[in-house]
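One structure below.
The values are calculated or read from the model by the stated rules, or taken from the named source; none is laboratory data. Owing to the predicted nature of the structure, the values given are computational and were not obtained by experimental measurement. Here the Cβ positions follow ideal geometry from the backbone for every residue, glycine too, while neighbour counts run over all protein chains shown.
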Amino acid sequence: MVKKYINKLKQKKTALERIDELFKKAKESFNKEPKLSNRHAQLARRIAMKYKVKIPAEFKRRICKNCHAYLVPGRNCRVRTRKGHMVYYCLSCKGFMRVGYKAKL
């Protein structure tokens with residue numbers, strides 16, 4: 001029983017490392033081949049779902065929730081701030097997502 005648990009922890013750790021590596025590759029390849037960076041983002045999302053791992057917040061904001069494209073603010077994504085949240089607007093699918101934040105006083 002303990003061995004299965006340890007094996008699952010190893011799998012989750014490996015999955016997180018793979019997700020991190022895929023996002024690095026997506027960032028590098030965006031200028032040359034945006035379709036390839038979109039594919040890297042889709043693969044990272046699929047790995048996270050398969051191994052039931054949460055994608056870290058800084059990476060989660062880089063994936064469009066509608067078309068699963070890799071987002072780069074100013075290039076294929078518009079970022080605006082509203083009352084208590086940021087709005088990410090994908091320019092390829094015209095979808096948007098809101099991410100909440102609290103302003104520090």
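One table, with the values for the structure above:
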quantity: Filter pass, Tyr88 being of a type in the set (Ser, Thr, Tyr), within 28 Å of Thr14 (Cβ to Cβ) and surrounded by 13 or more Cβ atoms within 10 Å (Cβ to Cβ); calculated: no
quantity: Filter pass, Arg39 being of a type in the set (Lys, Arg) and assigned to a loop (DSSP other than H, G, I, E, B); calculated: no
quantity: Top-ranked residue in the range 59-105 [being part of a loop (DSSP other than H, G, I, E, B) and among the charged types (D, E, K, R); ranked as nearest to Ala26 (Cα to Cα)]; calculated: Arg62
quantity: Unmet criterion (only one of (1) closer than 20 Å to Arg75 by Cβ; (2) touching a residue at least 24 places away in the same chain (Cβ under 8 Å); (3) loosely packed, with under 14 Cβ neighbours inside 10 Å) for Lys50; calculated: (1)
quantity: Residue within the range 11-29 that is part of a loop (DSSP other than H, G, I, E, B), farther than 23 Å from Val99 by Cα and of a type in the set (Asp, Glu) present; calculated: no
quantity: Top-ranked residue of the range 53-64 - restricted to ones that are in contact with a Phe, Trp or Tyr (Cβ under 9 Å, 6 or more places away or on another chain) and either of a type in the set (Lys, Arg) or under 16 Å from Cys93 (Cβ atoms) (or both), ranked as surrounded by the fewest Cβ atoms within 10 Å (Cβ to Cβ); calculated: Arg61
quantity: Qualifying residue in the range 1-19 (condition: charged (D, E, K, R), loosely packed, with under 13 Cβ neighbours inside 10 Å and under 15 Å from the mean Cα position of the chain (by Cα)); calculated: yes
quantity: Filter pass, Tyr88 being touching a strand residue (DSSP E or B) at 6+ places or on another chain (Cβ under 7 Å) and of a type in the set (Ser, Thr, Tyr); calculated: yes
quantity: Sole residue being at pLDDT below 95, of a type in the set (D, E, K, R) and either under 17 Å from the mean Cα position of the chain (by Cα) or surrounded by 13 or more Cβ atoms within 10 Å (Cβ to Cβ) (or both), chosen from Arg98, Arg82; calculated: Arg98
